[in-house]
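Presented below is the structure to which this report refers.
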Amino acid sequence: MTELLSSDVVRARLDFSYDGTGFHGWAAQPGLRTVQDELEAGLSRVVRRTDGSSADALRVTVAGRTDAGVHARGQVAHVDIPADAWERLPGRTERDPAQALRARLTGVLPRDIVVRSASRAAEGFDARFSALERRYAYRLCDRPELRDPLRRHHVVFHARALDVAALAAASDTLTGLRDFAAFCKAREGATTIRDLVEFSWSRPEEGPDAGHVVATVRADAFCHSMVRGLVGAVLAVGEGRRDLAWLGDVASHPERSQAIAVAPAHGLTLEEVVYPADEALAARAVATRDRRSADELEG
């Protein structure tokens with residue numbers, strides 16, 4: 001069934017970025033600094049009820065959970081805010097509540113989280129289940145002369161030279177709808193079936209990544225550590241240490257393969273989350289929930 005919001009609740013969409021270096025991932029964990037904890041703490045400080053009290057605990061739903069050390073440039077989340085608290089956000093100004101929310105969050109969040117925009121979500125929007133796909137980039141530098149200490153938290157220095165053509169040939173064998181259990185960290189009851197739409201490699205000639213080796217990875221969704229597992233496996237082929245036959249054997253493994261050296265977290269960035277047109281958001285959320293439930297039952 002489509003999730004319905006009561007008239008006394010406003011669903012806000014947040015588009016934001018963060019440097020994952022100082023976080024133990026997205027998800028809240030007792031005693032550890034996480035993006036979710038910081039964002040929800042910020043919301044509790046700026047969202048106030050009519051009587052001036054803070055709103056009840058505001059829980060944020062994110063498009064894609066990231067591991068410790070992983071960054072996000074195009075992360076998306078939603079949060080349900082009491083309508084009276086939403087209307088109070090502008091204070092004595094004439095700003096739109098969404099603009100006021102972004103501005104207020106900017107004032108209280110740490111510098112490694114930036115809310116780039118806030119808006120009243122379209123009807124039926126669910127940051128997680130309405131998404132069509134997520135796009136990640138993985139960045140490596142295999143040329144010592146290009147090694148930049150200012151990007152050390154976002155680009156992995158790779159001591160061995162990489163063959164981009166070999167990387168591309170290897171990654172091409174892994175795309176499509178399949179079980180990615182060999183590349184994922186198991187979670188009880190969670191499916192490892194995913195549709196890997198793109199897994200490509202390039203060495204840009206211009207821009208900030210010029211001369212670097214960059215992977216683009218797109219899928220409907222990702223299981224835990226899947227991108228880093230995929231990158232780690234393909235790097236062995238790109239270095240010339242392994243061949244496609246080895247990769248095929250690894251990919252067919254029914255559980256996470258110990259033959260894969262998982263790529264470091266800091267080279268990975270969530271670049272974009274793609275959604276359908278507003279009128280298709282609710283239907284997409286329903287379809288995603290139904291499919292995930294079926295996959296988990298079959299798994």
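Among ALA263, VAL227, VAL273, flag the residue with its Cα farthest along the positive direction of the charge dipole of region 225-275, charges on Cβ as +1 for Lys/Arg and -1 for Asp/Glu. The Cα lying farthest towards the positive end belongs to ALA263. Among 278-286, 37-45, the peptide with the highest mean count of other Cβ atoms within 10 Å heads the list, and the full ranking is 37-45, 278-286. Net charge in the neighbourhood of ALA122 (other residues with Cβ under 12 Å of its Cβ; Lys, Arg +1, Asp, Glu -1) is 0. When the Cα positions of ALA100, PHE180, ALA121 are compared along the charge dipole of region 100-254, ALA100 comes out farthest toward the positive end, with charges on each C-beta of Lys, Arg, Asp and Glu. Dipole of the chain computed with +1 at Lys/Arg Cβ and -1 at Asp/Glu Cβ about the Cα centre; of ILE81, PRO208, LEU132, farthest Cα towards the positive end is PRO208.
Compute, for the chain, the length of the dipole vector about the Cα centre, with Cβ point charges of +1 (Lys, Arg) and -1 (Asp, Glu) only. Units Debye, rounded to 20. That gives a dipole near 800 debye. The packing ranking, built from the mean of other Cβ atoms within 10 Å per residue, places the peptides 140-151, 264-275 in the order 264-275, 140-151, highest first.
Every number in this text was worked out from the coordinates using simple rules, so none of it is lab data. Nothing here was measured: the structure is a model prediction, and the numbers come from that model. All Cβ positions, glycine included, derive from the backbone under ideal geometry; neighbour counts span all protein chains shown.
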